[in-house]
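A.B. asks: Before anything else, here's the structure in question.
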Amino acid sequence: MTNKKEIIQNCNLCKTRIADKLNSHIIPKFMCKRLFEDANPRHSIQVSKDGIRTKLQDIPKENHIFCSWCEKRLEKLETYFSKVFTEVNSLQNARRKYKLENIQNQEILHCEEISPSLFYLFLYSLIWRCSISKDLLYDTFSIESHIEEEIRVFLNNNLQELHSDLLEHSKKIENVPNYYLCLIKPKYKTRGIFSAYNSGPNSYAIYTVDYALFFYTNEKDCPIAHKLFGNSMNETFKIVIGSDESWKKLNNLVVQNMLDYKKPLA
Ligand SMILES: [Zn+2]
């Protein structure tokens, strides 16, 4: 009897259904698309924590980590955000309202018509998936297990199967895990690297061509700028628009941080 339990793996998200889904993405496809544009032959650069650059042909997919139901719930959230991110890339055609503000020479985009809890759901889903992934690409990204579990419960309790339910429910979400998130987007088109790694104690980064996401589980480890430009509960969600110069700096910093930071042995 115990043998059977070991063979059939349950979904990582709901923990109750069989993980029957194949080809699950850790980072949604729409966020990775541009990684492989304009390159001939098609590839992107992945930077490991030792600063080793390798060619990345495609974003890896994983089998048997989710059940079909959870995959569907994640998909609904991703579809919503693929539209939001398209708008953020080209505000002229946006259907929702955004406000651009300048704070200390830094452009900040306020996503006024999007429930902040939807952003938390989406960004936490990225962070959580990177952390639970068994793929080598996310080997250097792992959050503490009690926080991983806290985020899993948050996602599992609040993801919805239907788009309309998701929007409706998002207005009522309480108890969002209270950590520091800072989302940065370059102002102009860039060609970047892909990486997801622990960037320091209680500090995590996910880096794609279009976005850099920083996550801190302890206030003392969150840099002042990321606190200032980052997000706190119940406020309009903010996206930092990085100028070319600052994006380049960030790019270099990401690589440098990886070289400098050696993850302490658990
Ligand atoms: Zn599931």
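A.B. asks: When the residues of region 143-163 are narrowed to those that are outside any helix (DSSP H, G or I) and touching a Phe, Trp or Tyr at 6+ places or on another chain (Cβ under 9 Å), which ends up most open to solvent (accessible area, probe 1.4 Å)?
C.D. replies: In this case the residue turns out to be Glu161.
A.B. asks: I'd like to verify a number: residues in region 100-117 that are without any contact (Cβ under 8 Å) to a residue 60 or more places away in the chain and either among the charged types (D, E, K, R) or open to solvent by less than 80 Å² (accessible area, probe 1.4 Å) (or both), how many?
C.D. replies: Residues in region 100-117 being without any contact (Cβ under 8 Å) to a residue 60 or more places away in the chain and either among the charged types (D, E, K, R) or open to solvent by less than 80 Å² (accessible area, probe 1.4 Å) (or both): 4 in total.
Results for (1) at pLDDT 70 or above; (2) in a loop (DSSP other than H, G, I, E, B); (3) away from the ligand (no atom under 16 Å from the Cβ); (4) out of contact with any Leu (no Cβ under 9 Å at 6 or more places or on another chain), shown as yes or no for each residue.
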| position | (1), (2), (3), (4) |
| --- | --- |
| Lys4 | no, no, yes, yes |
| Asn12 | yes, yes, no, yes |
| Lys15 | yes, yes, no, yes |
| Lys21 | yes, yes, no, yes |
| Ile27 | yes, yes, yes, no |
| Phe30 | yes, no, yes, yes |
| Ala39 | no, yes, yes, yes |
| Arg42 | no, yes, yes, yes |
| Ile45 | no, no, yes, no |
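A.B. asks: Gln160 passes all but one of (1) more than 16 Å from the ligand (Cβ to nearest atom); (2) touching a His at 6+ places or on another chain (Cβ under 8 Å); which number fails?
C.D. replies: (1)
The values are calculated or read from the model by the stated rules, or taken from the named source; none is laboratory data. No experiment lies behind these values; they were computed from the predicted model shown. Cβ atoms come from the backbone with ideal geometry, glycine included; neighbour counts cover every protein chain shown. For accessibility, only protein heavy atoms count, side chains too; no ligands or nucleic acids. Shrake-Rupley method; radii C 1.70, N 1.55, O 1.52, S 1.80 Å.
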